[in-house]
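Notes to accompany the following structure.
Values in this text are rule-based calculations from the coordinates and carry no lab data. Keep in mind that this is a model prediction, so the values were computed, not measured.
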Amino acid sequence: MSKIIYGIIFSGVVCCWQFVEAGQPPHAVLIVGTHHYSPQLTMPFLATELERLGFQTTVINPVWDPEKDERGLPGLEVLKDADVGVFFMRFLQLEDDQLAHITEFIESGKAVVGLRTSTHAFNYPTDDPHHALNNDFGEKVLGSPYLIHLAGKTQVKPTTHAARHPILHGVDMDGWESQGTLYLIDAQPGIEPLLIGTGHSKRVGTVTNQFGVHELDQTMSAPIAWTWKNSYGNRVFTTSLGHAKDFANQNALRVLVNGVFWSAGRSVPPAETVLNTFSMSAK
């Protein structure tokens, strides 16, 4: 079991990178912008796995919850040296100097991975000049804004047309069950769905929330993982996987690892590679 690392920033280079092409190892910066779903534990674990497989990583992981603390996310300047940014953020109101580092990274056209709640990464008030980012980070950067979530577990099934996509390499095509609830999306033109989730709603009919008006059925399906090339030129992998228990599942974890490799333009690990998994009991 990989060691769980706490602190503000963790970085390191693995001693061997047999699954990454020869040359400088790609640098992945993982950003923990909430404690919802415990990414302050799972992102350092994911970084450890990526390093074992050949990446250099930096984890921006404050000891406080950035979603609830005005100190936000110090250390974002490291994004200027990143090849891929892995974002796990929720309802942030970052100060201008911190937000500028994310904006500059996105506008640079580098690789982007958005996990779980990152489709609703920001929550600026309506009178704030950054208010539009509440929707635009999901819609314009990741390929869909957040709309609403259902209840309970999600049945996950790879899409047939994407069976040969590198991100699904080594993944069980029969599917699996995720403990995370299903997020409904507003898919932007050009996204390529890789996984479809099916979930159940306790509410049926018209439901209104801060994100709009939604028509809910008892059982619904939606893409939960996709790739995209956005208008900034970012090579994007987005998924609503990221519940803490997804990191104990070989299929879900392989999708996350492969997604980082693919976004960085690297060959994914061989299908026979056994990944270390994480469980909350290992804290």
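Inverting the mean 1/r over all pairs of different Cα atoms, compute the Kirkwood radius of segment 57-193 and quote it in Å.
One over the average 1/r among Cα pairs gives 16.7 Å for segment 57-193.
Obtain the radius of gyration and the Kirkwood radius of segment 18-88 from its C-alpha atoms and give Rg over Rh.
1.01
Could you tell me what a quarter of the Cα convex hull surface of segment 120-196 works out to, in nm² with one decimal place?
6.2
How large is the Kirkwood hydrodynamic radius of segment 61-109, counting all unique pairs of alpha carbons, in Å?
11.4
Taking every alpha carbon pair in the chain, what does the distance histogram look like in 10 angstrom bins from 0, in percent?
So the P(r) values, bin by bin, are 7, 31, 39, 20, 3, 0.
How much space per residue, in cubic angstrom, does the convex hull of the C-alpha atoms of segment 142-283 take up?
130
How many lysine pairs does the chain hold where the Cα atoms are under 18 Å apart and the two sit 8 or more places apart or on different chains?
10
Just report the Cα centroid separation between segment 209-243 and segment 94-109, whole Å.
Distance between centres, Cα-based: 22 Å.
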